[in-house]
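Each remark here refers to the structure printed beneath this line.
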Amino acid sequence: MENPFKYGCVVSGDHFCACFKCGRRSVSVETAGRIIDTACAVSGDVQELCDALWTVTAPAEDVTDAHIPAALELIFSRESKGYGMIAESLTSGQSVVLRTLAESGDLRVYSAAFTSRTALAPSSVRRIVTKLVSSRILYVRDGIYRFHDPFFREWLKRRYGTLERLNRAMNGAFWSGDFARWEDIDVSIIKARE
């Protein structure tokens with residue numbers, strides 16, 4: 001059977017389990033949950049992860065949590081050049097805004113408190129956020145800002161191995177500071193009220 005995920009198989013709930021079943025692969029409810037969590041419940045990213053899982057497994061094989069790292073490696077091999085370009089292309093202002101978004105929680109992106117934390121002019125913050133959205137680094141839906149690609153943090157982990165190596169490689173320039181935890185890199189949900 002041809003890979004149904006390659007051509008836009010709907011990946012919600014039981015449907016993607018059925019797609020795996022059509023290919024004589026099975027996936028448990030627990031593994032399905034891990035797939036959805038790994039892709040931050042973003043349907044296109046769930047689909048991308050399912051496509052990679054399909055590729056790294058064989059017919060009649062159970063898809064398990066143990067297959068997810070190999071599937072992520074496949075995604076990274078496809079996306080590595082783009083991820084590197086993103087990391088290298090950020091301006092210092094974009095780094096400051098991303099770092100502040102990561103730390104701010106429920107501050108309004110265009111509020112005086114937010115701009116004060118960035119030490120940037122309000123017009124600069126607005127321009128930078130607009131650029132990050134148009135560059136597909138961030139997206140906003142219903143006032144919630146998220147990183148566009150949930151696999152980016154995992155790619156950084158594998159590329160640099162430790163936070164110390166990441167911080168040394170970025171020399172404090174990536175999001176304008178050192179990271180204390182891998183979780184600090186992934187801004188899965190940032191609420192912003194304009």
* Structure fact -> Residue hits (segment 35-52; modelled with pLDDT of 90 or more and open to solvent by 30 Å² or more (accessible area, probe 1.4 Å)) are GLU48
* Asked: Do we have SER12 as open to solvent by 40 Å² or more (accessible area, probe 1.4 Å), at pLDDT below 85 and either touching a helix residue (DSSP H, G or I) at 6+ places or on another chain (Cβ under 6 Å) or of a type in the set (Ser, Thr, Tyr) (or both) here?
  -> yes
* **So ARG153, is it outside any strand (DSSP E or B), among the charged types (D, E, K, R), at pLDDT below 80 and surrounded by fewer than 16 Cβ atoms within 10 Å (Cβ to Cβ)** => no
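Quick grid of which residues meet (1) in contact (Cβ under 8 Å) with a residue 60 or more places away in the chain; (2) in a helix (DSSP H, G or I); (3) surrounded by 16 or more Cβ atoms within 10 Å (Cβ to Cβ); (4) at negative phi:
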position	(1), (2), (3), (4)
TRP54	no, yes, yes, yes
ALA60	no, no, no, no
ALA66	no, yes, no, yes
PRO69	no, yes, no, yes
LEU72	yes, yes, yes, yes
ILE75	yes, yes, yes, yes
GLU79	yes, yes, yes, yes
ILE86	yes, yes, yes, yes
GLY93	no, yes, yes, yes
* Which one of ARG126, ARG108, ARG117, ARG146 is open to solvent by 20 Å² or more (accessible area, probe 1.4 Å), charged (D, E, K, R), in contact (Cβ under 8 Å) with a residue 12 or more places away in the chain and in a loop (DSSP other than H, G, I, E, B)? -> ARG108
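The values are calculated or read from the model by the stated rules, or taken from the named source; none is laboratory data. Source: prediction; values computed, not measured. All Cβ positions, glycine included, derive from the backbone under ideal geometry; neighbour counts span all protein chains shown. Please note that ligands, DNA and RNA were not included when accessible areas were found on the heavy atoms of the full protein model with its side chains. Shrake-Rupley method; radii C 1.70, N 1.55, O 1.52, S 1.80 Å.
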